[in-house]
Amino acid sequence: MSNELEQPFGAQLHQLVAHLIKNAVRIPPSVRRAALSFEDESWPGMPDSDKRDIVRQIAEDTEAPSDINRHFESYPHPFSKKLYARYLGALKNYKMSLGL
């Protein structure tokens, strides 16, 4: 089941991945899997239970105190810090929409 917060989350996830690739930061498998699923448009048709499992892992891999969180906390450019803040907002909203 798709919801109105799914596409904003997918867009912000792609921004996060682009930053990580550009800055040679390891992309966690959960993030990679979700980003590719949004890209090939298989995410909307995925069962909500699978989405919840993946998003739960994405949150663990990208929220504090993860390596990605530490990367962005120490990153010197305000633009990238804002990108991460927008991503976290989209993640939070999408998690709530999935009941997480």
Which ones in the range 74-100 are within 21 Å of residue 57 (Cβ to Cβ) and of a type in the set (Phe, Trp, Tyr)? 84, 87, 94
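Would you be able to say whether some residue in the range 61-76 is closer than 12 Å to residue 13 by Cα, free of Cβ contacts under 8 Å to residues at least 60 places away in the same chain and hydrophobic (A, V, I, L, M, F, W, C)?
No, the range 61-76 has no match at all.
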Is it the case that residue 22 is surrounded by 15 or more Cβ atoms within 10 Å (Cβ to Cβ) and basic (Lys, Arg)? no
For residues that are under 13 Å from the mean Cα position of the chain (by Cα) and more than 25 Å from residue 25 (Cβ to Cβ), tally how many sit in the range 37-62. 1
If we scan the range 32-44, do we find a residue that is crowded, with 17+ Cβ neighbours inside 10 Å and acidic (Asp, Glu)? no
Residue set 68, 54, 58; condition in contact with a Lys or Arg (Cβ under 7 Å, 6 or more places away or on another chain) and surrounded by 13 or more Cβ atoms within 10 Å (Cβ to Cβ); output residue 54
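Just so you know, all these numbers are worked out from the coordinates, no wet-lab data involved. Every value quoted in this text rests on a predicted model; they were computed, and no experiment measured them. Counting neighbours? That spans all protein chains shown, and the Cβs are built from the backbone with ideal geometry, glycine included.
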